[in-house]
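Taking it in order: structure first as structure tokens, then the write-up.
The values are calculated or read from the model by the stated rules, or taken from the named source; none is laboratory data. It should be emphasised that the depicted structure is a prediction, and the values quoted were computed from it without experimental measurement. Every residue, glycine among them, receives a Cβ derived from its backbone with ideal geometry; neighbour counts consider all protein chains shown. Side chains are part of the model used for accessible areas, which takes the heavy atoms of the whole protein and leaves out ligands, DNA and RNA. Shrake-Rupley method; radii C 1.70, N 1.55, O 1.52, S 1.80 Å.
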Amino acid sequence: MNNNYKELEIKILNVDVEKMKEKLKTMGAIYKDEVTQHIITYDCYDAIDMYNLALSDYKKTKSSYSLKKIENIYNYIEPVINNHENEKIKSIYEMSFKEYLQSSNIDYKKLNSQEIKKIIKECQKRFFKWARLRKNGSKIELTIKYIYSRSEEYDIDQVKEIELVVNDFQTANEFLKELGYIPKKEQEKIRISYEYNNTDIVIDKWPLIEPYIEIEGKNIDDIYNIAENLGFKKENTKIMNTDDIYKSKGIILDDYSKMTFKEQIK
């Protein structure tokens, strides 16, 4: 499991692969491997759907377990709740939402109020969560990823992930579907991996777009220093996901159920 829950990552777009390989060799980066990755990404339930399911369970059972599920959903969206919304929540419950869930006088009608549901709906526009199952050569990784912003430009520390290694691709696929994650698209890419000063540097090749470099590590300054060593200033780097890169090329990746080097199926 990846204990570095916060992912610090930048991208450098439209790179010359052979030129970057030479630069990485010159600066002393350690070549790891070059593999073709098979990837399936999955959507999760929207926060409001999850909230309504948990609320329905609480209405039937009045159990502390149901309240815990409601609290977990709130924890997902809490980082994007703004001051105005926080004040609105306090006016509804006369305390914070978490304090109310732990109180001894919980009113189902208050949990079911349209005001709190409206806040959850607004927050989920600024919060995104998905799963990724990736076969990387012989290694299979399952990752849950979060972005606390849906804008095309978000900060380097707004992306989080939890990752673990699994031993069977198809079983993991069925497991995710049983958990309620919905297969969204199947993808393929070629990844050339390097390591330098405890930082991962990869060159990614995807169908229909130009190759790009991804630099990921634990220290923001180290990441930008590596980019500069490769010949790129901070303003030449991007903090964006692959969907956004395709979108910048006029390709809506969500329109495709399959995006491999041999097939692109809408």
Report summary line: Once HIS84, HIS38 are ranked on solvent-accessible area with the largest value leading and a 1.4 Å probe, the list reads HIS84, HIS38
Report summary line: Under the helix-only model (-39500 (n - 2.57) for each DSSP H run of 4 or more, divided by the residues of the chain), the mean residue ellipticity at 222 nm, to 500 deg cm²/dmol, is -10500 deg cm²/dmol
Report summary line: Length gained if PHE261 through GLU161 is fully extended, taking 0.36 nm per residue and subtracting the Cα-Cα distance, is 33.3 nm
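In the structure shown, do any of LYS185/LYS218; LYS19/LYS205; LYS19/LYS247; LYS11/LYS249 have a Cα-Cα gap over 22 Å, and if so which? Display every interim value, and only then the final one.
Working: LYS185/LYS218 29 Å; LYS19/LYS205 15 Å; LYS19/LYS247 26 Å; LYS11/LYS249 16 Å.
Where the Cα-Cα span goes over 22 Å, the pairs concerned are LYS185/LYS218; LYS19/LYS247.
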Report task. Specify whether the C-alpha gyration tensor of the range 34-94 places it in the rounded, prolate or oblate class, a ≥ b ≥ c being the square roots of the eigenvalues: rounded for a/c under 1.5, otherwise prolate if a/b is larger than b/c and oblate if not. Result -> oblate
Report task. For ASN197 and ILE182, calculate 0.36 nm times their separation in residues minus their Cα-Cα distance, and state this gained length in nm to one decimal. Result -> 1.6 nm
Requested in this report: Report the FRET efficiency, 1/(1 + (r/R0)^6), for ASP46 and ASN136, where r is their Cβ-Cβ distance and R0 is 22 Å, rounded to 0.05.
Outcome: 0.15
Report task. Over the range 161-266, with every protein chain in place, what whole percent of the accessible area is carbon and sulfur at 1.4 Å, could you tell me? Result -> 44
Query raised in the report: Assuming R0 = 30 Å, what is the FRET efficiency of TYR31 and THR171, from their Cβ-Cβ distance, to the nearest 0.05?
Result: 0.40
Report task. Using Cα centres only, tell me the gap between the range 213-262 and the range 62-78 in whole Å. Result -> 34
Report summary line: If every Lys and Arg gets +1 and every Asp and Glu gets -1 at its Cβ, then about the Cα centre the range 70-223 yields a dipole, in debye to the nearest 20, of 740
Query raised in the report: Between MET240 and residues 5 or more places away or on another chain, which pairs have amide H atoms under 5 Å apart, with H built 1.01 Å from N, and which residues are they?
Result: LYS11
**Report entry** Most positive-pole-ward Cα, ILE209, PHE232, ILE220, against dipole of the chain from beta carbon charges
**Finding:** ILE209
Query raised in the report: Residues with amide H under 5 Å of LYS32's amide H, sequence separation 5 or more or different chain, H placed in the peptide plane at 1.01 Å from N; which?
Result: SER193, TYR194, GLU195
Report summary line: Row for the range 43-178, column shape: gyration tensor on C-alpha, a ≥ b ≥ c, rounded if a/c < 1.5 i.e. under 1.5, prolate if a/b over b/c, else oblate; value oblate
Query raised in the report: Got a sec? What order do GLU34, GLU141, GLU163 fall in by accessible area at 1.4 Å, biggest, i.e. largest, first?
Result: GLU34, GLU163, GLU141
Report summary line: With every protein chain kept in place and a 1.4 Å probe, the chain has an accessible area per residue in Å² of 55
Report summary line: Among VAL15, TYR74, SER63, the residue whose Cα sits farthest towards the positive end of the charge dipole of the range 1-114 (+1 at Cβ of Lys and Arg, -1 at Cβ of Asp and Glu, taken about the Cα centre) is SER63
